[in-house]
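The values are calculated or read from the model by the stated rules, or taken from the named source; none is laboratory data. Bear in mind the structure is a predicted one, so any value in this text is a computation, not a measurement. Note that we place each Cβ from the backbone using ideal geometry, even for glycine, and neighbour counts take in every protein chain shown.
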Amino acid sequence: MTSADNLRAFKREGRIVVVGASLAGLRAAEALRDEGFTGSLTMIGDELGEPYDRPPLSKQVLTGWVPAGGTTLPRRRGIDAKWLLGVPASRLDLATNHVRLA
């Protein structure tokens, strides 16, 4: 099998875990899907909710201009991911390729 074949197989059947369910994590997941990754995608975040826009939270939600639910980040595309929220990642085990959760 060539390296190109391996890459195609990984894009179809691989597994990627994104630690950090924030703007950067969301955009990374969208970029993976844009580049043709169709394998398993898991998003891990220590907060209970999906990514939200922080500046309006501190300026507009606290003053009552925007409801808290109005701060969800816009999606550029669907990412078809499993979300593990409210549990921080505590360690990356390189020997087993596992992310340890708190």
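So, in the stretch 6-47, how many residues would count as being in a helix (DSSP H, G or I) and under 11 Å from Ile79 (Cβ atoms)?
Count: 10.
Anything in the stretch 19-51 that is in contact with a Leu (Cβ under 7 Å, 6 or more places away or on another chain) and touching a residue at least 60 places away in the same chain (Cβ under 8 Å)? List them, or say none.
Ala21 - this is the single residue of the stretch 19-51 that is in contact with a Leu (Cβ under 7 Å, 6 or more places away or on another chain) and touching a residue at least 60 places away in the same chain (Cβ under 8 Å).
Specify which of the listed residues (Ser22, Ser58, Ser40) is at pLDDT below 90, out of contact with any His (no Cβ under 8 Å at 6 or more places or on another chain), under 25 Å from Arg100 (Cβ atoms) and among the small types (Gly, Ala, Ser).
After ruling out the rest, the residue left standing is Ser22.
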